[in-house]
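Read the structure below first, then the notes.
The values are calculated or read from the model by the stated rules, or taken from the named source; none is laboratory data. All figures in this text were calculated on a predicted structure; none of them were measured in a lab. No Cβ is skipped: glycine too gets one built from the backbone with ideal geometry, and neighbour counts run over all protein chains shown. Note: accessible area is taken over every heavy atom of the protein model, side chains too, but ligands, DNA and RNA are not part of it. Shrake-Rupley method; radii C 1.70, N 1.55, O 1.52, S 1.80 Å.
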Amino acid sequence: MKFSKGKSIAFFICTIILVVALGLLTIFGVDVKGMKKGSAKGIILGLDLKGGVSFTYKIKDENPTGQQIEDTKQQLRDRVSTFSKDVDVYQEGDDKLTVDIPGVYDAQSVAEELSKPGSIRFVTMADAGATSDETYEIYANPKDGQSYKVWVDGDDISNATANAQTSQEKGTTEYVVSLTLNEEGRTKFADATSQNLNKPIYILYNDEIISAPTVQAVISDGNAVINGQASMEEAEKLASTIRIGTLKLDLEQYSSKVVSARLGNDAIKTSLIAAAIGIAIVIIFMLFMYRVSGIASGIALVLYTILELLVLNGFDLTLTLPGIAGIILSIGMAVDANVIIYARIKEELKAGRPVDVAIKTGFKKATSAIVDGNVTTFIASLVLMKFGSGPVQGFAITLAIGIVLSMFTAMVVSRFLANCLYGMGFQDKKYYGIAKERNTIDFLSKKAIWLAISAVVICAGFVAMGINAGNKKGAFNYSIEFVGGTTTTVDFEKEYTIDDFNNTIKPEIEKIINSSDIQGQKETGSNKYVIKTRTLTEDEQVQLRDLMINNFSGKLQEGETNFESSSVSSTFGKQMKKDAVIAVVLATLCMLVYITIRFRNVKFAGSAVLALIHDVLVVIGFYAISRLSVGTTFIACVLTIVGYSINATIVIFDRIRENLADKRDDQVDLKDVVNASITQTLTRSIYTSFTTFVTIAALFILGVASVREFALPIIVGIIAGGYSSVFVTGTLWYMMSKNKYGKKSK
């Protein structure tokens, strides 16, 4: 694609005007029906960054079971998922459930959604013209436009459990859901099965079909079995969904309030400053290293950042710390794509190609590595989005958006700008730089040392876990989000902002409980604070009470301090933990399959997954050694490292694949190929690690304490990923593959 000088200048100026216009849009926005659309200030922020509404419900039932409480928490979480994916639901004391919804301030709308009855229905297609009667309702489903006859709903179901049983016909194990109906439901279900023999009965949850079992016999005793589940996990999920839709606990609203950001306004301000500084440093670095090409990549990176903000605003997505992790990773991948492209152009110039040919060939040769790396991570993000929940979904959504935008800006915008700059007159090789001649480094000769270093670092993490567990501290320092703790409500005589709390009150509490895992939240419109900590002893509660009275003027009423302390359950429930594990495993398997198909060699996939596990274990070990709090941000950190690791690995593999092309197996000196491939991509590995490191390091240096705790493990992961991409990835693949090739490779 070549442009005349006039057109190149015009196109370049138009692009700059477009970027500036979009940048102004993110600053000021446009007024749409009284709302500022496009403005970065209009992005919905999570409870940790902005605040939202909090509802507390009192359980009216006596002695509810643990399963009933877990199911009720999950249903409350499901019901407000339309408002936000990052919802916290936790038990407070013995008889209260609290729901925190970030970025939402219309308490009335949320209250109406939470007050809805159970939404599970067993239905069949309604006949044309059918109408409801005293027993059975004709229900018009708003999601698919179909009319259904409702035979059984949530009020008719007593329980649903997953079971494994042996098929009498086949003698194999099958996974089923055992359904128990109450007396009224028994009669209705008997009617349903007798009138629909050998026909499907659809199970609707929140107006979506989640199962369609075929009626095989008339069931009149109220005990049914839904078979055909592919696994025990699938059966458990269906049973859980049916139980969630049949909410049995009687709840009454106890309180509702608007709450402040957990991290305070400083967290947003400093994070934005850090991001701006990080991106500015990256652009300056790209200009210094790639000259004219750095101009194209800098403009593309700025456009990427603007588009990311516009999409977050346009789709009303809630941004939390895990979401920021997804953005950081996608920024790293956007920079990485440009580094790969322009390093390739410099290589082509070194080979004697004319500048225009070098630009065209550089983009062409870089395409496979960029596409494979981004598509692999995108597949993982889709799996995490589908099967994860809470912070996992928040991370996956921002990552998926970032990947699409980064590929567009790198492969389309950057290429367009590079051709414009060439057409404007930047046609001399000196404007682009020529790759220096580099002797191949023999990395594999010291493979035992590289693997030993990795083994020592990983083992140190396991040793730390063992020592911590032996000292009865727990292998990890789990946060209150994972294990629960104590919540204390304090009414102060004067107003403290959340930043006052984080900077003044929180450090004093840390001294008493010897832990930094403290969350403070202000109730808007009052001087009340809700302080969440790990479970406190009686002595610690007394010390905390004295601290509030003597140092911070805790309000006195009739001689008693206005404190309310109670236990609080974890916000990251069992189902969310299970979803996170399943999502990560499935995402890893999907990445493995894609890499195997693309590289036509399972050894590439196997060594990629091993390198990924290496990087994750290093980060996990760091958590064990440092005793940093393991909460929802831990999940975001691990997911970030997974995406970063797989992307770095694929760049090495793409070069190995290229260097192996057109060579017979018996002609390959595999050591030379692997060493050459690592050496050729060494600049990319260093530059990408540096630019990603700069972005997150700025966040670590300028961020508030909680943000620093979030940033530090990612920094460790970036270092681990940079190390593994150079010293571990190629080594692992070589060890797996050397027997396939000629004698030189032995």
Distance cut-off 21 Å, Cα to Cα: go down the list Lys350/Lys447; Lys7/Lys364; Lys73/Lys578; Lys494/Lys528; Lys506/Lys577; Lys58/Lys494 and report the pairs above it. Lys350/Lys447; Lys7/Lys364; Lys506/Lys577; Lys58/Lys494
Straight-line reach check, Lys269, cutoff 14 Å on alpha carbons, 8 or more apart in-chain or any other chain, hits among aspartates and glutamates -> Asp48, Asp499
List the residues whose amide H sits under 5 Å from the amide H of Asn159, counting only those 5 or more places along or on another chain, with H placed 1.01 Å from N in the peptide plane. Thr180
Taking all protein chains together and a probe of 1.4 Å, list Arg186, Arg600 from the most accessible to the least accessible. Arg600, Arg186
Pull up all non-local amide H partners of Gln146: gap of 5 or more, or a different chain, and H-to-H distance under 5 Å with H placed in the peptide plane. Asn141
How much accessible surface does Thr692 have with a 1.4 Å probe, in Å² rounded to 10? 10
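From the protein chains alone at 1.4 Å, what is the descending order of accessible area for Phe408, Phe482, Phe710, largest first?
Details: Phe408 95, Phe482 30, Phe710 0 Å².
Per-residue accessible area, sorted high to low, gives Phe408, Phe482, Phe710.
Pairs of Cα atoms under 8 Å, at least six residues apart: use those to get the relative contact order of region 170-243, whole percent. Let's see the in-between values first.
On the way: 102 pairs, mean separation 33.0, N = 74.
Answer for region 170-243 is 45 percent.
Using r as the Cβ-Cβ distance of Leu287 and Ile13, and R0 as 25 Å, what FRET efficiency do you calculate, to the nearest 0.05? Can you show the working numbers first?
On the way: r = 19 Å, r/R0 = 0.78.
Step by step, r from the Cβ atoms, then E = 0.80.
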From the phi angles alone, apply the Karplus equation (6.51, -1.76, 1.60; θ = phi - 60°) to region 670-678 and give each ³J(HN,Hα) in whole Hz, x where the residue is Gly or Pro. 4, 4, 4, 4, 5, 4, 5, 5, 5
Could you give me the ³J(HN,Hα) list for region 138-151, computed from phi with Karplus coefficients 6.51, -1.76, 1.60 and θ = phi - 60°, whole Hz, x at Gly and Pro? 9, 10, 8, 6, x, 7, 10, x, 8, 9, 10, 8, 8, 8
HN-Hα J couplings of region 198-203 from phi, Karplus 6.51/-1.76/1.60, θ = phi - 60°, integer Hz, Gly and Pro as x? 6, 10, x, 10, 8, 9
Reduced to Cα centres, the span from region 455-514 to region 365-414 in Å works out to 33
Exactly which GluC sites (Glu not before Pro) in region 436-511 are in a DSSP loop and have at most 10 other Cβ atoms within 10 Å? Glu437, Glu495
Between region 597-630 and region 665-734, how many Å separate their Cα centres? 12
Compute the FRET efficiency between Val375 and Thr489 as 1/(1 + (r/R0)^6), taking r as their Cβ-Cβ distance and R0 = 41 Å, and round to the nearest 0.05. 0.25
Dipole of region 266-416 (Lys/Arg Cβ +1, Asp/Glu Cβ -1, origin at the Cα centre): which of Phe416, Ile279, Ile359 lies farthest to the positive side? Ile359
With a 1.4 Å probe and every protein chain left in place, tell me how much accessible area Glu234 has, in Å² to the nearest 10. 80
Estimated FRET transfer efficiency when R0 is 45 angstrom, pair Ile613-Val20 (beta carbons, to 0.05): 0.50
Return the whole-Å distance between the Cα centroid of region 278-297 and the Cα centroid of region 134-203. 62
Amide H contacts under 5 Å for Gly631, placed H, 5+ residues apart: Ser479
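Considering only protein heavy atoms, with the full assembly of protein chains and a 1.4 angstrom probe, order Thr180, Thr241, Thr166 by accessible area, largest first.
Numbers: Thr180 55, Thr241 25, Thr166 95 Å².
The most accessible residue leads, giving Thr166, Thr180, Thr241.
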Could you name the aspartates and glutamates whose alpha carbon sits less than 14 Å from that of Lys671, not counting residues in the same chain fewer than 8 places away? Asp442
